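This report refers to the structure that appears directly beneath it.
The values are calculated or read from the model by the stated rules, or taken from the named source; none is laboratory data. None of these values were measured; they are calculated from a predicted model. Virtual Cβ from ideal backbone geometry, glycine too; neighbours counted across all protein chains shown. The area values use the complete protein model at the heavy-atom level, side chains included, leaving out ligands, DNA and RNA. Shrake-Rupley method; radii C 1.70, N 1.55, O 1.52, S 1.80 Å.
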Amino acid sequence: MAFARIVVPPRVARGEAFEVRVSIRHPMETGFRVDDVGKSIPRNTLREVVVRYGDAIVLRASLGSGIAANPYLRFFVTARESGPLAVEWVDDAGEPGTVRADVNVA
Amino acid sequence: MTRIVAVAAFAAALAAPLASPCAAAEPGGRPDPARSGLGDVAPSIAALQADDAANPGMLWVDRGAALWSASVGSNGPACSTCHAAAAMKGVAARLPAWSGAAGRVVDLEDRIDACRTSRQHAPPLARGSEDLVALTAFVAAQSRGVPIHVSVDGPAKPAFERARAFYTTRRGQMNLACTSCHDDLAGKRLLNETISQGHPNAFPAYRLEWQAMGSLQRRLRACLFGIRATMPEEGAAVLTELELYLAWRADGLPVEAPGVRR
């Protein structure tokens, strides 16, 4: 079961940049490791992370094998109007995940 | 002759107890003053623990919160059906404790599983499973800041004394007791780490080494692995009793769960 957290300020002013912090539970397996019997562990990293604010895509990221387990993303978005901020991702195993928060623009 | 005297003096120095400001008053006693392991980690790790939005352990706390209010089985009661989460404040600070029903010392994981089997009529969650770690983290987080105080009198006394003996007994290929490092050498360096007093107040904690949240018993097993001693399975009585001893030893330290440690 994938799980994740998203933190946005409870209220933001229109036109202001606000901070978004996202953490996602994911092993971020590099594909370079082997298990106890020498069998290689298949790569499984977050292939793509997309952040939507309303209908617009505000961030798109490809996380490779250089990112540690349980990635933590911190970025800024300019407040336009109240609406959902959704983070969606898919990993190398094809497993999708999503976490969302509501942005309240005062 | 001089040489013999010198050798004798050296032997006497070895036999003398190591003078250290952190040493326990007596073998198996409490360190004075007790010092949370938070003071021994790098500032960057302490900052990670202090900020809920960055603390990776909060992932498990959030998941625990979801499990807390999720109905168990087909239509069984959720934890929240009977317990308000706020009522869990202080629970983690007074466990492990003697349970008359179980006839042994139980820790927080045991209590959660006992509730699951007897009240929710569901199979117990496996020790070390992500769900049990998450629920434990959620319940323990309700006690953040509450000073640890456990009861070691009455029926818990024999278990407590067994655990004290375990703590002070040398074991494993490295022939080390818990006390050899966490009392005698606490505050000194082991490679680039500061040796902590070995308090349990941050657990369940996110360890960077595990890249995951883990229970105190998992940490104890890791310590036993380090000294190349036999590692009892998680949930074994010897580890649960050791948790009780460690809680007694950490008396007054605030619960920090979910902690972050290296």
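Using a probe of 1.4 Å on the protein chains alone, the accessible area found for B:Ile195 is around 20 Å².
Can you pull out the buried accessible area for chains A and B, both sides counted, probe 1.4 Å, rounded to the nearest 100 Å²? Interface between A and B: roughly 1200 Å². Among A:Asp35, A:Asp91, A:Asp55, the largest mean-square fluctuation in a Gaussian network model of chain A, built with springs joining Cα atoms closer than 10 Å, belongs to A:Asp35. Extent along the principal axes, Cα only, for region B:188-241: 32, 23, 19 Å, with the longest axis given first. At a probe radius of 1.4 angstrom, the accessible area of the protein assembly as shown per residue rounds to 51 square angstrom.
Within chain A, antiparallel bridges make up roughly 95 percent of the DSSP beta bridges whose residues both belong there.
Over the protein assembly as shown, the reciprocal of the mean inverse Cα-Cα separation, the Kirkwood hydrodynamic radius, stands at 23.0 Å.
Within the listed set B:Cys181, B:Cys223, B:Cys79, the residue fluctuating most in the Gaussian network model of chain B (springs between alpha-carbon atoms under 10 angstrom) is B:Cys223. Per-residue Karplus couplings for region B:98-114, computed as 6.51 cos²θ - 1.76 cosθ + 1.60 with θ equal to phi - 60°, are listed in order as 5, 10, x, 5, 7, x, 7, 6, 10, 9, 4, 4, 4, 5, 5, 5, 5 Hz, Gly and Pro entered as x. The fraction of accessible area contributed by carbon and sulfur in region B:201-262 is 51 percent, rounded to a whole number (1.4 Å probe; ligands and nucleic acids excluded).
Based on C-alpha pairs under 8 angstrom that are at least 6 apart in sequence, region B:59-187 has a relative contact order of 29 percent.
When the helices of chain B are scored as -39500 (n - 2.57) per DSSP H run of n ≥ 4 and the total is divided over every residue, the value at 222 nm lands at -11500 deg cm²/dmol.
Taking K and R as +1 and D and E as -1, what net charge do the other residues with C-beta under 9 Å from the C-beta of A:Pro84 add up to? Local charge sum for A:Pro84: +1. Backbone amide hydrogens, once placed in the peptide plane, bring B:Gly90 within less than 5 Å of B:Ser143, excluding anything fewer than 5 places away on its chain. Treating r as the C-beta distance of B:Arg94 and B:Val238 and R0 as 25 Å, the FRET efficiency rounds to 0.75.
Annotation note: GluC sites (Glu not before Pro) in region B:179-262 located in DSSP loop regions with a Cβ neighbour count of at most 11 within 10 Å are B:Glu209, B:Glu233.
When the Cα positions of A:Ala61, A:Ile41, A:Val22 are compared along the charge dipole of region A:1-101, A:Val22 comes out farthest toward the positive end, with charges on each C-beta of Lys, Arg, Asp and Glu.
Remark: region B:142-157, residue by residue, has Karplus-estimated 3J(HN,Hα) of 5, 9, 3, x, 6, x, 5, 8, 10, 9, 10, 9, x, x, 7, 4 Hz, where x stands for each Gly or Pro and the curve is 6.51 cos²θ - 1.76 cosθ + 1.60 at θ = phi - 60°. The share of alpha-carbon pairs in region B:84-127 lying farther apart than 17 Å comes to 38%. With contacts taken as Cα pairs under 8 Å and at least 6 residues apart, region B:112-262 reaches a relative contact order of 35 percent. For chain A, what relative contact order do you get, as a whole percent, if you take Cα pairs closer than 8 Å and at least 6 residues apart? The value is 33 percent. Largest GNM mean-square fluctuation across B:Met213, B:Met231, B:Met174, computed for chain B with C-alpha springs under 10 Å, falls on B:Met174.
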